[in-house]
Amino acid sequence: MANIQFTGIEKRRFLRLPVSIRIKFRRISDGNVVGHQKLTKDISIAGIKFLSDELIPVSSYLKVNLSFKENLKPLEFICQVMWVKSLYNDESY
């Protein structure tokens, strides 16, 4: 079991777990067929945080595939981007 430590006061409605899980996604709101693969920074019941080198506009729809372990079937779902934060002089989001 991972040793997860929480610091500070959590003001979110749902607990966010700081875990790295392989995520594959592609934008479907504009017909984009290019897929991307990243690692999550954290996840919760209501959302997933990950870094991207490409700006994904707010309100975009993504088809997402989460792979927890090699021998388990990936979890697939469609989600909507709720917010984006620019990092590193607009080189990461």
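The values are calculated or read from the model by the stated rules, or taken from the named source; none is laboratory data. The shown structure was predicted, so the numbers you read here are calculated from the model rather than taken from an experiment. Cβ placement follows ideal geometry from the backbone for every residue including glycine, while neighbour counts extend to all protein chains displayed. For the accessible areas, the whole protein counts, side chains as well, though only heavy atoms, and no ligand, DNA or RNA atoms are used. Shrake-Rupley method; radii C 1.70, N 1.55, O 1.52, S 1.80 Å.
Table for the structure above
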read-out: Label-point separation in nm, Leu72 to Val34, each point 7 Å along Cα→Cβ; value: 3.1 nm
read-out: Region 46-93, Cα convex hull volume normalised per residue, Å³; value: 89 Å³
read-out: Probe 1.4 Å - accessible area at Ile45, Å² to nearest ten; value: 150 Å²
read-out: Phe14 paired with Glu54, simple spin-label distance in nm, labels 7 Å along Cα-to-beta-carbon; value: 2.5 nm
read-out: Karplus-derived HN-Hα couplings along region 64-76 (A = 6.51, B = -1.76, C = 1.60, θ = phi - 60°), whole Hz, x at Gly and Pro; value: 10, 10, 9, 10, 7, 8, 4, 8, 9, 5, x, 8, 10
